[in-house]
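One structure below.
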Amino acid sequence: MNFLEDYTNEMEKRINDGLEPSRAFISYYINLFYRLDYGDERDFICDKANDRGIDAIYINDNIEEIYFIQSKFGDSTKEENFTSARKIGEKEP
């Protein structure tokens, strides 16, 4: 499975579980980046009106750090939207 297929499946799963798309995106990011079990990340999401731009707050007690997460979400999962992201990670020839 490639990244786009995984992303699409994970977003559909979260939306089917009742999350709005922007919250589903934050949920997916937190699970992927911080390696939490599915569902545990929801305690960190605070995306709502008047949130002052903070969509999630992740607290890592092990290393005593707090992460403030701000995200932007669009409703398109077309392949071309991921092309530039892949190019950023590629090494120069």
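FYI, it's all coordinate maths here, none of it is from the lab. Every value quoted in this text rests on a predicted model; they were computed, and no experiment measured them. Quick reminder, even Gly has a Cβ in these numbers, built from the backbone with ideal geometry, and neighbours come from all protein chains shown.
Miscellaneous remarks
- For the stretch 3-18, 3J(HN,Hα) per residue [Karplus equation, 6.51 cos²θ - 1.76 cosθ + 1.60, θ = phi - 60°, Hz, x = Gly/Pro]: 4, 4, 5, 4, 4, 4, 5, 5, 5, 4, 4, 5, 5, 5, 7, x
- Near the amide H of Ala56, within less than 5 Å, lie the amide hydrogens of Cys46, Ile69, all on another chain or at least 5 residues away, with H placed in the peptide plane.
- Across the stretch 35-43, computed HN-Hα scalar couplings (Karplus, 6.51 cos²θ - 1.76 cosθ + 1.60, θ = phi - 60°) run 6, 8, 5, 4, x, 5, 5, 5, 5 Hz from first to last residue, x flagging Gly and Pro.
- Ordering 16-29, 55-68 by mean Cβ neighbour count within 10 Å, with the highest value first, yields 16-29, 55-68.
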